[in-house]
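Participant: Pasting a structure here, questions to come.
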Amino acid sequence: MRILVRGGRIIDPSLGLDFVGDLLIEEGKIKGLAPKIEVTEEVREIDAKGLLVIPGLVDIHVHLREPGEEWKEDLESGTRAALSGGVLRLACMPNTKPPNDSPEVTTYILEEAKKKAYVTIYPIASITKGQLGKELTEFGRLKRAGAVALSDDGKWVADASLMKKALLYAKNFDLPIISHCEDPALSYKGQINEGNLSAKLGLKGIPFSAETIAVVRDLLLAKETQSPLHLAHLSVKENIPFLRWAKEEGIPFSAETCPHYFTLTEREVDGYNTLAKVNPPLRTEEDVQAIKIALKEGLIEVIASDHAPHSPLEKEVEFELASFGMIGLQFLLPLSFNLVREGLLNHLKLFEYLITNPSRVLKIDPPCFQEGRPAEIVLFNPEKEWIVTPEVLQSKSKNTPLLGRTLKGKVEAVILKEKVFLI
Amino acid sequence: MRHLLDIQSLSSEEIAEILKLAENLKEILYRAIPKVPTLRGKLVLLLFYEPSTRTRFSFERACKVLSADTLSFSAKGSSLEKGESLLDTVKNLCAVGVNLVVIRHPFSGTPHFLAKHIKIPVVNAGDGAHEHPTQALLDLLTVKEKLNTLSDLKIAIIGDIKHSRVARSDILAFQKMGSSVYITGPATLLPEPREIDFFKLNPNKFKVCFKPKEALEGADVVIALRVQRERHGEPFIPSLKEYAENFGLTPRELELVKPGALLLHPGPINWGIELSHELQNYPFQVILDQVENGVAVRMAVLLSLLTGE
């Protein structure tokens, strides 16, 4: 079977391509790309005029909730949402029930994924047993079972000596360590950003220091161990000078943020809107601008969704009882594309942040348009507007403060090996 | 006004109206038979998820004077112990035919959460560290009665501001009515530096003082707050003795205030900690007037919400 994607703007950050042309797929593999391809044999043509034709996005930060919390999401629904958002590979965080802290759970996730996942899944295992921050997990056995990285996401490894051991031991297995930077003593009982909104709502605030202190400690440990460190979901302005310093020092690190941290502010939680309760919390306009500058400067070079589904059982409750998190797989590309619209990143750079950089962190080959590679192709219409309604969200959970809003930019189709999904 | 959720969403006109209504209604309390039929047939649900003496009995008394019936709910012995959610509980109670809900809850924003999900008026009787609007209204009424004005006064609030919903409501209420508010206390129990802007309704009328003297000097009203030991869970102060010696009020501190300045306390008082025992005899302490005005203010709130007046 042949598919010809015609007349789209083909962008591939791995190959450094950005041109208008045609892309031919044969038997689920990239056959060729050129400004004009003529095919004499039978071919399914897809008109991509006005669309961006890009390799599948790689989302390094996703919560799929399976095993254990399948009422919120499972491997099938979560990867359906991913597909709709153009995310064709994703790494899933280990805070499942039970947590992914043993090869058995890693194996379970991969076996289930074979049966029902639409996209490629890379399990992230926890750094410590039970994510309790006390004892390291079996990095070697986890790696053999298929884990690609380690993280206690949702929790910081507060014991600095243990974190150092984790960074060292990870070297034996080439496993990146992903840190959720939050000093739990400073964020104790915290609900939202510490500032005018926490004052207004009478909720305990989470100060910027809770994040930046953790960032700095982990950068120092990465410097000392020379082990690769990935900083998850950065949200505050105060990190920036330290990231700049770490780059100058040549510390082996990468930093990530999520669309909500450069799109939304703490004002979303006004009126006790639990849909905007997320950790780290939405911050201020000043932080939003700082995160954008960090992206522009390349201090932060990975954008991930931190897709965190929760059902009304966890969200339609008293604010302090509500779970942290919002869904994000279907917003990753539309919201990130605003960075191009605003002139902060060019197209190639944006897709480095969404495809090649996260792949490099996970030490995987990124999806790309090289001849012979499997087709992992996303057709994105940057001009199409759509309204966020529960019906268009493919996730089992609908927890997002964006409900009812109009977003610009939509994934129109995905070509995954032999299959074409029209979205 | 559909609900009474907090002071922050009230205008100074709305506050003045409630106070005026309360002043008018207060007279009923002195009648030989202090009862009027105004709210006959109305059913008020009192939902107290936290201990309360003054507020709870004050609301109950206000209902009785206005002839409203009450249903009292306490978490103990209810379906909450079977794991029923707050929202399910309240929806079920509404189905019983309740006309208004008064709620006190340990979590900030719970009254707002209920107001979003049920159709009848909700009155906040204290939510977490957020607000306690009827307390602020009764404080305003007390000060207005005694000093004949609410504008251009210097109000000093001393103590655990951070965990105090009373302080939050008072800080906003007194500023809205045209007075200046000075807060002081252990810096660990004051709002975080990044939170201060919210409290400054008028930049010249709000000040955080690290020296109690600065707040107390020339004050027209001193509001002492209770040290909320049960809310801390973290060591904010080294000891109660340390607190009493540095931030507790004694006759010596009250030499700094204006002659005749009022002393308020929302209760319950830890005598010997935030207030020294000698202050039981301070001639201008109006702590029991506050309690009495609480009934009048709550009558006004119930009446406004249930009759649309």
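The values are calculated or read from the model by the stated rules, or taken from the named source; none is laboratory data. Everything numeric here is computed off the predicted structure, so don't read it as measured data. Neighbour counts run over all protein chains shown; Cβ positions are idealised from the backbone, glycine included.
Matching residues to (1) within 20 Å of B:LEU263 (Cβ to Cβ); (2) within 12 Å of the chain's Cα centre (by Cα); (3) away from every other protein chain (no Cβ under 14 Å):
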{"residue": "B:LEU86", "(1), (2), (3)": "no, no, no"}
{"residue": "B:ASN92", "(1), (2), (3)": "no, no, yes"}
{"residue": "B:VAL96", "(1), (2), (3)": "no, no, yes"}
{"residue": "B:PRO121", "(1), (2), (3)": "no, no, yes"}
{"residue": "B:ALA136", "(1), (2), (3)": "yes, yes, no"}
{"residue": "B:THR149", "(1), (2), (3)": "yes, no, yes"}
{"residue": "B:SER164", "(1), (2), (3)": "yes, yes, no"}
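Participant: Identify the residue in the stretch B:1-57 that is assigned to a strand (DSSP E or B) and assigned by TED's automatic domain parsing to the domain that holds B:PHE107 and, among all such residues, is farthest from B:MET177 (Cα to Cα). Give the derivation first.
Facilitator: Step one: filter the stretch B:1-57 for residues assigned to a strand (DSSP E or B), giving B:4, B:43-48.
From the residues that got through so far, the ones that are assigned by TED's automatic domain parsing to the domain that holds B:PHE107 too are B:43-48.
Details: B:LEU43: 33, B:VAL44: 30, B:LEU45: 31, B:LEU46: 29, B:LEU47: 30, B:PHE48: 30 Å.
Step by step, filter the stretch B:1-57, then rank; the result is B:LEU43.
Participant: Continuing with the same structure: Give just the number: which of (1) at the interface with chain A (Cβ under 10 Å from one of its Cβ atoms); (2) surrounded by fewer than 24 Cβ atoms within 10 Å (Cβ to Cβ); (3) touching an Asp or Glu at 6+ places or on another chain (Cβ under 7 Å) does B:LEU153 not satisfy?
Facilitator: Unmet condition: (1).
Participant: So B:GLY178 clears everything in (1) crowded, with 21+ Cβ neighbours inside 10 Å; (2) in contact (Cβ under 8 Å) with a residue 40 or more places away in the chain; (3) not β-branched (Val, Ile, Thr) except one condition, right? Which one?
Facilitator: Answer for B:GLY178: the failing condition is (1).
Participant: Helices (runs of 4 or more DSSP H) wholly in the stretch B:196-261 with at least 1 residues that are closer than 17 Å to B:SER179 by Cβ, assigned by TED's automatic domain parsing to the domain that holds B:ILE161 and among the hydrophobic types (A, V, I, L, M, F, W, C) - which ones?
Facilitator: Details: elements: B:196-199, B:212-216, B:229-232, B:240-247.
Once the helices (runs of 4 or more DSSP H) in the stretch B:196-261 are filtered for at least 1 residues that are closer than 17 Å to B:SER179 by Cβ, assigned by TED's automatic domain parsing to the domain that holds B:ILE161 and among the hydrophobic types (A, V, I, L, M, F, W, C), what remains is B:196-199, B:212-216.
Participant: Tally the residues that are away from every other protein chain (no Cβ under 12 Å) and not in a loop (DSSP other than H, G, I, E, B), restricting the search to the stretch B:103-119. First the steps, then the outcome.
Facilitator: Filtering the stretch B:103-119 for residues away from every other protein chain (no Cβ under 12 Å) gives B:104, B:118-119.
After this cut, where a residue has to be not in a loop (DSSP other than H, G, I, E, B) as well, the list is B:104.
The number of residues fulfilling the criteria is 1.
Participant: Among the numbered criteria (1) closer than 30 Å to A:GLN226 by Cβ; (2) assigned to a helix (DSSP H, G or I), which single criterion is violated by A:GLU256?
Facilitator: A:GLU256 satisfies every listed condition except (2).
Participant: Still on this structure, I have one more. Report the residue count in the stretch A:278-325 for those that are touching a residue at least 12 places away in the same chain (Cβ under 8 Å), in a helix (DSSP H, G or I) and within 13 Å of another protein chain (Cβ to nearest Cβ).
Facilitator: Of the residues in the stretch A:278-325, 7 are touching a residue at least 12 places away in the same chain (Cβ under 8 Å), in a helix (DSSP H, G or I) and within 13 Å of another protein chain (Cβ to nearest Cβ).
Participant: Moving on. Mind telling me which of the residues A:LEU348, A:LEU354, A:LEU416 ends up being in the same structural domain as A:ALA81 (by TED's automatic domain parsing) and either farther than 30 Å from A:ALA294 by Cβ or touching a helix residue (DSSP H, G or I) at 6+ places or on another chain (Cβ under 9 Å) (or both)? Reasoning before the result, please.
Facilitator: On the way: A:LEU348 fails: either farther than 30 Å from A:ALA294 by Cβ or touching a helix residue (DSSP H, G or I) at 6+ places or on another chain (Cβ under 9 Å) (or both); A:LEU416 fails: in the same structural domain as A:ALA81 (by TED's automatic domain parsing).
Going through A:LEU348, A:LEU354, A:LEU416 in turn, the sole match is A:LEU354.
Participant: Has the stretch B:66-85 got at least one residue that is outside the structural domain of B:ALA261 (by TED's automatic domain parsing) and touching a residue at least 40 places away in the same chain (Cβ under 8 Å)?
Facilitator: Applying the first criterion (outside the structural domain of B:ALA261 (by TED's automatic domain parsing)) to the stretch B:66-85 yields B:66-85.
Keeping just the survivors that are touching a residue at least 40 places away in the same chain (Cβ under 8 Å) gives B:66, B:68.
Among the residues of the stretch B:66-85, at least one is outside the structural domain of B:ALA261 (by TED's automatic domain parsing) and touching a residue at least 40 places away in the same chain (Cβ under 8 Å), which makes the answer yes.
Participant: Next question, about the same structure. So, in the stretch B:58-99, of the ones that are over 28 Å from B:HIS163 (Cβ atoms) and of a type in the set (A, V, I, L, M), which residue ends up modelled with the lowest pLDDT?
Facilitator: Looking at residues that are over 28 Å from B:HIS163 (Cβ atoms) and of a type in the set (A, V, I, L, M), I get B:LEU93.
Participant: I want to confirm something. Restricting to the stretch A:119-143 and keeping residues that are of a type in the set (A, V, I, L, M, F, W, C) and part of a loop (DSSP other than H, G, I, E, B), which single residue is surrounded by the fewest Cβ atoms within 10 Å (Cβ to Cβ)? Even if it seems obvious, please write down each step before you answer.
Facilitator: Residues of the stretch A:119-143 of a type in the set (A, V, I, L, M, F, W, C): A:119, A:121, A:124-125, A:127, A:132, A:136, A:139, A:142.
Then drop every residue that is not part of a loop (DSSP other than H, G, I, E, B), which leaves A:119, A:127, A:132.
Working: A:VAL119: 26, A:ILE127: 32, A:LEU132: 13.
Per the stated criteria, the residue is A:LEU132.
The rows are residues; the columns are (1) more than 14 Å from chain A (Cβ to nearest Cβ); (2) within 21 Å of the chain's Cα centre (by Cα); (3) at pLDDT 95 or above.
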residue: B:PHE198; (1), (2), (3): no, yes, yes
residue: B:ARG231; (1), (2), (3): no, yes, no
residue: B:LEU249; (1), (2), (3): yes, yes, yes
residue: B:GLU255; (1), (2), (3): yes, no, yes
residue: B:PRO259; (1), (2), (3): yes, no, yes
residue: B:LEU262; (1), (2), (3): yes, yes, yes
residue: B:LEU288; (1), (2), (3): yes, yes, no
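Participant: Among (1) crowded, with 24+ Cβ neighbours inside 10 Å; (2) over 22 Å from the mean Cα position of the chain (by Cα); (3) in contact (Cβ under 8 Å) with a residue 60 or more places away in the chain; (4) more than 14 Å from chain B (Cβ to nearest Cβ), where does A:LEU229 come up short?
Facilitator: Checking A:LEU229 against (1) crowded, with 24+ Cβ neighbours inside 10 Å; (2) over 22 Å from the mean Cα position of the chain (by Cα); (3) in contact (Cβ under 8 Å) with a residue 60 or more places away in the chain; (4) more than 14 Å from chain B (Cβ to nearest Cβ), the one that fails is (2).
Participant: Within the stretch B:123-134, take every residue that is within 14 Å of chain A (Cβ to nearest Cβ) and assigned to a strand (DSSP E or B) and give me the one that is farthest from B:LEU19 (Cα to Cα). Working first, answer last.
Facilitator: Filtering the stretch B:123-134 for residues within 14 Å of chain A (Cβ to nearest Cβ) gives B:124, B:126-133.
Narrowing the set further to residues that are assigned to a strand (DSSP E or B) leaves B:124, B:126-127, B:131.
Values: B:ASN124: 17, B:GLY126: 19, B:ASP127: 22, B:GLU131: 18 Å.
It comes out as B:ASP127.
Participant: May I ask you to verify whether B:VAL295 is assigned by TED's automatic domain parsing to the domain that holds B:SER52, out of contact with any Phe, Trp or Tyr (no Cβ under 6 Å at 6 or more places or on another chain), crowded, with 17+ Cβ neighbours inside 10 Å and closer than 26 Å to A:LEU203 by Cα? Step through it out loud before you land on a result.
Facilitator: Numbers: assigned by TED's automatic domain parsing to the domain that holds B:SER52: yes; out of contact with any Phe, Trp or Tyr (no Cβ under 6 Å at 6 or more places or on another chain): yes; crowded, with 17+ Cβ neighbours inside 10 Å: yes; closer than 26 Å to A:LEU203 by Cα: no.
Judged against the criteria, B:VAL295 is not a match.
Participant: For B:ILE171, work out the one condition from (1) buried (at least 21 other Cβ atoms within 10 Å of the Cβ); (2) in a helix (DSSP H, G or I); (3) more than 12 Å from chain A (Cβ to nearest Cβ) it doesn't fulfil.
Facilitator: For B:ILE171, the exception is condition (3).
Participant: Give the residues of the stretch A:181-213 that are within 11 Å of chain B (Cβ to nearest Cβ) and part of a helix (DSSP H, G or I), sorted by residue number.
Facilitator: A:ASN196, A:LEU197, A:SER198, A:ALA199, A:LYS200, A:LEU201, A:PHE208, A:SER209 - these are the residues of the stretch A:181-213 that are within 11 Å of chain B (Cβ to nearest Cβ) and part of a helix (DSSP H, G or I).
Participant: Starting from the stretch B:260-279, keep only residues that are among the aromatic types (Phe, Trp, Tyr), then list their pairs with residues that are loosely packed, with under 15 Cβ neighbours inside 10 Å whose Cβ atoms are within a distance under 8 Å, requiring at least 6 positions of separation or different chains.
Facilitator: From the stretch B:260-279, the pairs are B:TRP271/B:HIS277; B:TRP271/B:GLN280.
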